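Following: one structure in structure tokens, then a few remarks.
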Amino acid sequence: MECISVFDMLKIGVGPSSSHTLGPWRAAERWVTELREAGLLQKVGKIRIRVFGSLALTGKGHATDLALMLGLSGADPEEIPVAEILPTVGRIKEAKTLCLNGGQPIPFNPDTCIVFEREFLPFHANGMIFDAYLDDGRHAQDTYYSIGGGFVVKEERVNARKKKEVFRNFPFPIQKGTELLAYCRQEAKAVSAIVLENERSLRTDDEIDRQLARIWETMLECMYLGCHTEGTLPGGLNVRRRAFDLYQNLKSEIPYSSPAEWLETIRKTEVKFRQILKWVSCFSLGVNEVNASLGRVVTAPTNGSAGVIPAVLMYYMVIENHQAGFEHVKKFLLVAGEIGSLFKKGATISAAMGGCQAEIGVSSAMAAAALTELMGGSPEQVLIAAEIAMEHHLGLTCDPIAGLVQIPCIERNSMGAIKAIHAAELALDARPENIKVPLDKVINTMWETAKDMSSKYKETSKGGLAVEVFLSDC
């Protein structure tokens, strides 16, 4: 049984895509590490990386080539100052050399050393083949797949098997929603409490709190930055940032100097009923505008859907409960992470495999479930909320214009957040015995829908809005 940590589902990284940016970045890091461990790194004379399928078709718009160069160079997506990303890549392009893991320089021309192949590899739509040509004439080759949400596996899935062994000691191993619910009933505990017990088998309470606090701080800073940055998004579509203008129309005149003070300022702002949805949209748009600008976000469960969960959590903190603190944030993130893991185990969180239902749909389900627990819902109602949210995202396609995570991706985060709030409200009024569609059935349906969906609508920019709307129209 595969057991997935909350911190696998909620990862800090750089935009614009978890599968097309963060995944290749991590794959490149892992490849270099394995070369070093095998004693081959110092013998590398030149390298080549071929990316396949969806990675190739939309890789330029998703900064896949930049991510590969940064990963090969040894930069960490959690730590690298965002302002250094483009200058670092610029130096590699100009010098046509790259320092593997920050060490010895090797010849590297991105135009020839990173090859975009349009065919698909058999295991997954996001495949990468890394070739190292050694000074002694030998050739080392490895194949990796970016399977969504920043998760990366090798072709032989050795790492995946090792991971299962590491997590085998979960006190409450969960593969399906019915199992999660059974543990809640057996232990008479909330969903968040069951998830916390599993996390305690991996980390101390202090480590859990510290990592969850860092995730929340990153989310809050991302919303803050998005709401305070105006201008046009990069990439050629000339999409104007909207969160800034929206925030200017909503904000109060109370002064602040940090994201934390900003949060308290919003809590003190009088919010009229018709402004609630505008605030939710403001938060979600802000996150995804930062994501579209190579900013630092939290995969939740992906970068393309990174705005839903922070926006819904902010909704709870600034609309529903002004006294909410870290313990509320902690419960919210624990529940959200667990619901996301159910979708990853039973279906997919990769748009290249399942369309946008695998990103916005899953993030909306995660947020709806988490909000329901904070609003006093039972474990049964938590799962009902997740089911409702996904049910109304089934079949959602991934058709980014120009391969950029901008149109329709940014607005879809706003819609996913609003649907999550509504799903939670419906679930809180629901009687579990009257529910006809359990969460596990919706997860199965999502996967079957994904398999039936044409590849044109799976992050290839070969169908939908991506072909109906031309760049000249923008």
**Nearest-ten-degree value, helix 409-428 long axis tilted from longest Cα axis of the chain** = 30 degrees
**Item:** For Y316, Y256, order by how many other beta-carbon atoms lie within 10 Å, fewest first
**Value:** Y256, Y316
**Item:** Acute angle (nearest 10 degrees) that the helix 326-346 long axis makes with the longest principal axis of the chain, alpha-carbon atoms
**Value:** 60 degrees
**Asked** Of [x] 24, 54, 22, 1; [y] 20, 49, 19, 7, 4, 1; [z] 26, 57, 17, 0, which one was derived for P(r) over Cα pairs in 20 Å bins from 0, in percent from the structure shown?
**Response** [z]
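For the chain, what does the helix formula give at 222 nm: sum of -39500 (n - 2.57) over DSSP H segments with n ≥ 4, over the residue count, nearest 500 deg cm²/dmol? If you can, show how the numbers build up before the last one.
Values: 21 runs with 236 residues, N = 474.
About -15000 deg cm²/dmol.
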**Fill in**
Rounded to the nearest 10 degrees, the helix 85-95 long axis (Cα) sits at an angle to the longest Cα principal axis of the chain of 10 degrees
**Prompt:** With a 10 Å Cβ neighbour count serving as the proxy for reagent exposure, in which order, fewest first, do C398, C222 appear?
**Reply:** C222, C398
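Hey, with R₀ at 45 Å, roughly what FRET efficiency would K278 and Q175 work out to, going by the Cβ-Cβ distance, to 0.05?
On the way: r = 40 Å, r/R0 = 0.88.
Step by step, r from the Cβ atoms, then E = 0.70.
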**Message:** For a quick check: sort I106, I418 by the number of other beta carbons within 10 angstrom, fewest at the front.
**Reply:** I106, I418
**Prompt:** What is the extension gain from A188 to L250, computed as 0.36 nm multiplied by their sequence separation minus the C-alpha to C-alpha distance, in nm to one decimal?
**Reply:** 18.1 nm
**Asked** Which is farthest toward the positive dipole end of the chain among S461, A358, S281, measuring Cα position about the Cα centre, with Cβ charges +1 (Lys, Arg) and -1 (Asp, Glu)?
**Response** S461
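Note the full-extension length gain between E433 and T204 as 0.36 nm times their separation in residues minus their Cα-Cα distance, in nm to one decimal. Each step should come with its number before you reach the end.
Values: separation 229, 0.36 × 229 = 82.44 nm, distance 3.77 nm.
Full extension of this stretch gives 78.7 nm more.
Where a number appears in this text, it was derived from the coordinates with a stated rule and is not lab data. Keep in mind that this is a model prediction, so the values were computed, not measured. Counting neighbours? That spans all protein chains shown, and the Cβs are built from the backbone with ideal geometry, glycine included.
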